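As structure tokens, the structure follows; a few thoughts come after it.
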Amino acid sequence: MKVSVVGMGYVGIPVALILAESGNNVIGLDIDEKKIESLNNGYYPIEGNEPGIHNLLEKTLQSGNFSASLDFSSASDSDVWIVCVQTPFNVEEFEPNFQPLGSAIESISKNLKKGALVVIESTVPPGTTTQFVVPIIEEISGLSVGSDFLIGHCPERVMPGKLITNLTTYGRAMGGFDANSLDKMEELYSMVTFGDLERMDIITAEVVKTFENTYRDVEIAIANDFAKYCDEMGVDFFNIRDIVNTVESRNLHLPGGGVGGHCIPKDTWLLAYGSRGKYTPELLIKAREVNDSMPKYVAKRTLSYLSNKFSQKGPCKIAILGLSYLGESDDTRNSPTVELVRCLESENVEILVHDHIVRGYQKIPFSSNLDDTVKGSDVVILMVAHKLYSEISAVYLSRLMRGKLVIDTRDVFSVQEFTESTLELYSLGRGAI
Ligand code: SAJ
């Protein structure tokens with residue numbers, strides 16, 4: 001089949017390469033010229049370690065089954081169009097940003113051939129595929145859904161660091177407009193994954209995906225609320241979590257300095273937007289607010305310690321370890337560290353953020369050198385569980401720091417080791433300082 005994948009990001013690239021490896025003729029389409037050039041030159045344009053992706057790119061370029069392009073008209077004979085663009089949400093306006101999706105759909109509609117299948121893999125508010133996407137296609141292409149083109153929603157379940165594995169093993173929720181759409185989707189996705197392919201209608205698939213991520217957001221919010229409870233009660237959340245999780249039906253998640261990334265922070269809002277005017281999922285929105293409150297919670301703990309114990313002249317120097325939203329990732333989208341810096345900035349502090357995986361971040365004081373970041377700091381705040389940070393010792397920090405406060409929001413540092421040091425460790429969930 002001739003397949004075009006729109007959106008050469010975390011999701012689109014592995015989808016395109018796996019379909020190309022299966023013998024399809026695949027074009028990867030994007031509006032970012034650098035990405036297209038990088039892909040056609042055999043370079044995976046996204047940082048982070050993705051096992052297998054480099055070999056797959058090289059192999060499918062060599063076989064000629066994959067190429068990348070800016071030009072949608074070069075794909076006008078596509079049998080299938082797969083849309084993998086981002087769907088951000090503006091919380092203040094309570095509106096999804098449909099610009100990337102709308103632009104992709106418009107470009108596809110101008111090049112859609114009769115009988116082709118369009119699949120939306122991006123996570124969208126329930127109702128979007130039939131109420132937003134289909135009208136645009138019919139308006140621009142002049143084709144009618146069902147009789148002239150097929151359409152469906154098949155949400156992705158990839159996870160950074162496990163893109164290829166997840167795509168080829170996880171089952172898929174396939175929401176199709178009609179039986180023909182589902183048959184075509186089944187033919188397509190049976191080439192992508194060995195997992196189960198569940199047939200359903202489109203809105204059910206849209207709800208499956210937004211539920212999946214909203215559910216995780218609530219699970220994380222429970223861990224965060226429990227951690228705050230433990231801080232105030234002077235009990236150890238992690239010890240309690242180990243005991244609670246011995247009950248097989250319990251799965252307490254981990255607290256942290258916030259919930260970032262391109263999925264979890266927005267999918268609750270996409271879900272709520274989909275039911276606007278019909279039902280407001282209050283618990284789910286409250287959970288979102290709990291997770292969004294974590295950077296401020298860390299800032300408050302830091303500032304209350306400083307107001308009581310900081311005696312140096314001049315600004316307090318704060319070193320923050322980790323800028324990406326997740327350990328071993330370079331992705332800074334919705335980074336809790338960025339929000340933490342915003343919460344601290346108005347105070348009499350000097351902040352320097354360290355990350356050795358994120359490259360060249362401009363918007364906040366940033367360094368990729370750990371010694372330089374920690375040297376002379378009064379407070380060190382660990383926000384991301386990068387593997388590197390698990391190698392940091394109390395001796396190393398006490399040698400380089402000017403002050404004594406170390407705040408660990410990801411339970412990376414050993415409480416025992418720090419208790420025996422000259423430093424004061426506050427580990428989120430193990431009792432307030
Ligand atoms: N986080 C916590 N505590 C936890 C788990 C995560 O604070 O117990 C934080 C992370 O630090 C991060 C954010 O939440 O800031 C999101 O982490 P994540 O592990 O959910 O990673 P994501 O954002 O890459 O989520 C993706 C999602 N996959 C898709 O949308 C296809 C999600 O559904 C997966 O469950 C998740 O990967 C995964 O399990 O790895």
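Read-outs throughout are calculated quantities, based only on the coordinates presented, and are distinct from any laboratory measurement. Not measured: the values here are computed from a predicted model. With ideal geometry, Cβ positions are generated from the backbone for all residues, glycine too; neighbour counts draw on all protein chains shown.
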**Asked** Which links in Lys296/Lys375; Lys278/Lys363; Lys2/Lys34; Lys300/Lys375 stretch past 31 Å when you go from one Cα to the other?
**Response** Lys278/Lys363
**Prompt:** What share of Cα pairs, in percent, lie more than 24 angstrom apart in the stretch 6-153?
**Reply:** 33
**Total charge dipole magnitude, the stretch 1-132, about the Cα centre, Cβ charges on Lys, Arg, Asp, Glu only, Debye to nearest 20** = 500
**Prompt:** Do the sum for the chain: with -39,500 (n - 2.57) for every DSSP H run of n ≥ 4, divided by all residues, what is the mean residue ellipticity at 222 nm, to the nearest 500 deg cm²/dmol?
**Reply:** -12000 deg cm²/dmol
**Message:** Checking the a/c ratio against 1.5 first, then a/b against b/c, what shape does the Cα gyration tensor give for the stretch 373-425?
**Reply:** oblate
**Prompt:** Given the Cα-Cα distance of Glu106 and Ala179 and 0.36 nm per residue of separation, how much length would full extension add, in nm?
**Reply:** 23.8 nm
**Prompt:** For the cross-link pairs Lys313/Lys404; Lys35/Lys59; Lys266/Lys387, which exceed 24 Å when the distance is taken from alpha carbon to alpha carbon?
**Reply:** Lys266/Lys387
**Under 5 Å, built H, 5+ apart or other chain: amide partners of Val349** = Cys316
**Prompt:** the stretch 378-433 to the stretch 68-147: how many Å between their Cα centroids?
**Reply:** 48
**Item:** Karplus (6.51, -1.76, 1.60) ³J(HN,Hα), θ = phi - 60°, over the stretch 403-413, in Hz, Gly and Pro reported as x
**Value:** x, 10, 8, 10, 10, 10, 8, 10, 6, 8, 7
**Message:** Could you identify which residue out of Glu156, Glu139, Glu21 has the top mean-square fluctuation in a GNM of the chain using Cα springs shorter than 10 Å?
**Reply:** Glu139
**Request:** Scan around Trp81 for amide H atoms under 5 Å from its own, H built in the peptide plane at 1.01 Å from N, and keep only partners 5 or more places away or cross-chain.
**Result:** Ser4, Leu117, Val118, Val119
**Asked** At what distance in angstrom do the alpha carbon centres of the stretch 174-189 and the stretch 221-250 lie from each other?
**Response** 43
**Prompt:** Tell me, what ³J(HN,Hα) does each residue in the stretch 347-363 have, in order and in whole Hz, if you take phi through Karplus 6.51 cos²θ - 1.76 cosθ + 1.60 with θ = phi - 60° and put x for Gly and Pro?
**Reply:** 8, 7, 9, 10, 10, 9, 9, 10, 7, 9, 9, 5, 9, x, 6, 9, 6
**Prompt:** Taking a spot 7 Å from the Cα of Asn90 along the direction of its beta carbon, which residues of the stretch 132-162 have an amide N less than 20 Å from it?
**Reply:** 132-133
**Request:** Mind running the shape call on the stretch 104-186? Use the C-alpha gyration tensor, a ≥ b ≥ c as the square roots of the eigenvalues: rounded below 1.5 for a/c, prolate if a/b tops b/c, oblate otherwise.
**Result:** prolate
**Request:** Compute the Kirkwood hydrodynamic radius of the chain, taking the inverse of the mean of 1/r over all pairs of distinct Cα atoms, and give it in Å to one decimal.
**Result:** 23.4
**Message:** Full-extension gain between Lys34 and Lys113, please, as 0.36 nm times their residue separation minus the C-alpha to C-alpha distance.
**Reply:** 25.6 nm
**Complete:** In terms of the alpha carbon gyration tensor, root eigenvalues a ≥ b ≥ c, rounded if a/c is under 1.5 and otherwise prolate when a/b exceeds b/c or oblate, the stretch 209-261 is oblate
**Fill in**
Scoring the stretch 315-410 by relative contact order with C-alpha pairs under 8 Å, at least six apart, yields a percentage of 34
**Complete:** Checking the stretch 189-239 for chymotrypsin sites (Phe, Trp or Tyr not before Pro) in a loop per DSSP with at most 14 other beta-carbon atoms within 10 Å yields Phe194
**Mean Cα-pair separation over length for the stretch 65-214, i.e. relative contact order, pairs under 8 Å, 6 or more apart, %** = 21
**Asked** Do you know the relative contact order of the chain, to the nearest whole percent, from alpha carbon pairs under 8 angstrom that are 6+ apart?
**Response** 12
**Asked** Put +1 on the Cβ of each Lys and Arg and -1 on the Cβ of each Asp and Glu in the chain; which of Pro155, Ile318, Pro96 then has its Cα farthest toward the positive end of the dipole?
**Response** Ile318
**Request:** Go ahead and set up a Gaussian network model of the chain, Cα springs under 10 Å, then flag whichever of Tyr44, Tyr305, Tyr273 fluctuates most.
**Result:** Tyr305
**Prompt:** Relative to a virtual label point 7 Å from the Cα of Asp71 in the Cα→beta-carbon direction, which members of the stretch 23-59 show backbone nitrogen distances below 20 Å?
**Reply:** 25-42
**Asked** More than 18 Å apart: what percent of Cα pairs in the stretch 41-119 qualify?
**Response** 60
**Prompt:** Once amide H atoms are placed 1.01 Å from N in the peptide plane, what residues at a sequence separation of 5 or more from Tyr426, or on another chain, have their amide H within under 5 Å of its amide H?
**Reply:** Val406, Ile407, Asp408
**Prompt:** Contour minus end-to-end for Glu282 and Glu424, with contour as 0.36 nm per residue of separation and end-to-end as the Cα-Cα distance?
**Reply:** 47.3 nm
**Asked** Which percent of Cα pairs goes in each bin when the distances of the stretch 169-254 are cut into 5 angstrom slices starting at zero?
**Response** 3, 13, 15, 14, 11, 9, 10, 9, 7, 5, 2, 1
